[in-house]
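These notes concern the structure reproduced below.
Each value in this text was obtained by applying a stated rule to the coordinates, not by laboratory testing. Since the model is a prediction, treat every value here as computed from it, not as a measurement. Cβ coordinates were reconstructed from backbone atoms using ideal geometry, including for glycine residues, and neighbour counts include every protein chain displayed.
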Amino acid sequence: MNPADVGQAALDAPNLSLITLFLHAHIVVKCVMLGLALASIWSWAIIIDKVLLFGRVRRQIDRFEKVFWSGQSLEDLYRSLSSRPASAMAALFVAAMREWKRSFEAGARSPIGLQMRIDRVLDVTITRESERLESRLLFLATVGSAGPFIGLFGTVWGIMTSFQAIAASKNTSLAVVAPGIAEALMATALGLIAAIPAVIAYNKLSSSAGKITSRLEGFADEFSAILSRQIDERV
Amino acid sequence: MRTGLITSVLAHLLLLFWGLFGLPDTKPFDASTVEALPVELVPISDVTSLQKGKKTAEVKPTPAPEKSEKQQTPKPTPAPPKPTPPATPPPPKAEPTPPPQKPAEPAPAPTPPAEQAPPPEPPKETPPPPKEEPAPVKPAEPEKVAEAPPPPPAPKPRVKPAPPKPDQTAAVQKPPTPTQSTTDSKFDPDRISALLDRQKPAGGSEASQTPESFGAEEARNPSAMMTQSELDALRAQVQRCWQLPVGWTDPREVTVTIRFKLNQDGTVSGTPSVEQYPASNYGTVAAEGAVRAILQCGPYQLPAEKYDQWSEVQMRFSPQL
């Protein structure tokens, strides 16, 4: 946009709604604003998705633990879950049980090797599950840290443009300067709007993911202890 | 993931629409800018020099002229005993009515030479009136003598005084009218100044002490009232350093009155005292700001010869919208 046009438009349109601010902005500032708006939309999508997912996972874990510690036979439990493990913890259980069964069916007689294999399988499953939990959280971190900078870039660019407008129109009255600065500042506002929820959500979600993961690890240790006792009994 | 994305997009669109239609339009600022922050100077003299104000006030009204006649006469004989004033006044009287009194002149004529001797005659009548007015006494004297020739007064140039004269009581009342007429004609500023000077001797014996002391102070620099431009100059000097607290809405919230003393060289002596400040949140802040401004901006450039006027200054700090 021609700087002179900016000044002219500012004189014509004294009422500064969001749309007019956006339409009068320089193309670079427009791009920044659009990018930030998309980032905000995407980060909110991630936030909503993760919040729902974590709630669901927590509820499933609670349910599985209740069933697991109810004294039900592990074999029965395995049979009911093996076809389609419903939760992260069930997947952990199924993976360990499958490895156990396979080893016994194959007639393996080395208890140390069996114990090692079961632990390995549990680790892999935990890693996979926690990866699933934490996927896309990094995007939130990125938006949170880079959003303000991107917005600031838009602001600096917009102010640069409005100063050029001043130079072109040779009029330093505030009415000429103000619209340009207002639209430039809108870029920073958008950056902050995108970044603040992203930062807060990232902290909250990553800590919840950590908690769930540590719960899985605790269960894995306990289950591994149970299996190793079984191994000792059978061998 | 799809639910999250859809929800997010919808929420953003909702927010955008709210921003477009729900948000009130940016309202323009009120253009009534705070242009000047005038400081009112209330010179202490308004409070302290009440005496002077009274004097000027008395001079203006008509009653003053009566005294002027008194004063004209006392000048020659300020200290002498009371009887003398009655004796001297006749001459002024003679001026307005020279022809008619000719027959009576014998009486006044003898008095001047024996100014102090004649007391026997006037004392009789003077005792009661002298305190009130010396003037009324005089008329009584001439009329006694003039009673015999009542006709002559009639031909006088002035018609009014002539008819009433017959009665002594009437005569006593009459005199005031001629005096007033004369005063009206002769009323001019020069005479007022003469009055001022006369005031001391007139009230001299009884109540002169305190007024005189006041007079002396003023006499030191008679024309030393601070001019408006000098007040403005002081105001401008203080105003340079004055900063208002931020956030006030009503000028009364930050209007404070400060009183401070100045040294001969224009520096502030002691600490300024806050005479009054509003009971708002900004009151104390505004008062401190004003005191700071006064202390910071010294020494002040003021005319040294008028030090009496600005040795103590009371200043009102008030932003005017």
Under Karplus coefficients 6.51, -1.76 and 1.60, residue-wise ³J(HN,Hα) of the range A:111-118 in Hz, glycine/proline x:
x, 5, x, 5, 4, 5, 5, 4
Please list, in order along the range B:301-310, the HN-Hα scalar couplings obtained from phi with the Karplus expression 6.51 cos²θ - 1.76 cosθ + 1.60 (θ = phi - 60°), rounded to whole Hz, x for Gly and Pro.
8, 9, x, 5, 5, 9, 4, 4, 6, 10
Residue-averaged beta-carbon neighbours from other chains (10 angstrom radius) around A:45-52
5
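Across peptide A:33-40, how many C-beta atoms of other chains are within 10 Å of each residue C-beta, on average?
Details: counts 0, 0, 0, 0, 2, 1, 0, 4.
Partner Cβ neighbours, averaged per residue: 1.
What are the trypsin sites (Lys or Arg not before Pro) within the range A:101-172 that DSSP puts in a loop, where the Cβ has at most 13 other Cβ atoms within 10 Å?
A:R109, A:K170
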Roughly how many nanometres apart are two label points built 7 Å out from the Cα toward the Cβ at A:A146 and A:Q230?
4.7 nm
In whole angstrom, note down how far apart the Cα centers of the range A:30-90 and the range B:238-317 are.
71 Å
Step through the residues of the range A:141-156 one at a time and calculate ³J(HN,Hα) from phi using the Karplus curve (6.51 cos²θ - 1.76 cosθ + 1.60, θ = phi - 60°), rounding each to whole Hz and writing x for Gly and Pro.
4, 5, 4, x, 8, 8, x, x, 5, 4, x, 5, 4, x, 5, 4
Amide H within-cut-off set for B:E275, under 5 Å, with H built and near neighbours excluded
B:T257, B:I258, B:R259
What is the calculated FRET efficiency for B:V246 to A:S82, with r their C-beta to C-beta distance and R₀ = 60 Å, to the nearest 0.05?
0.25
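Can you sort A:S110, A:S228 so the residue with the fewest Cβ neighbours within 10 Å comes first? Write out the running numbers ahead of the final one.
On the way: A:S110 12, A:S228 16.
Ranking A:S110, A:S228 by Cβ neighbours within 10 Å, fewest first, gives A:S110, A:S228.
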Spelling it out for B:L262: with amide H atoms placed in the peptide plane at 1.01 Å from N, the residues 5 or more places away or on another chain with amide H under 5 Å from its amide H are B:S269, B:E312, B:V313
Could you work out how far apart the two model spin labels at A:L52 and B:Y307 are, taking each label as a point 7 Å from the Cα in the direction of the beta carbon, and quote it in nm?
8.9 nm
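Fewest Cβ neighbours within 10 Å first, please rank B:H12, A:H24 accordingly.
B:H12, A:H24
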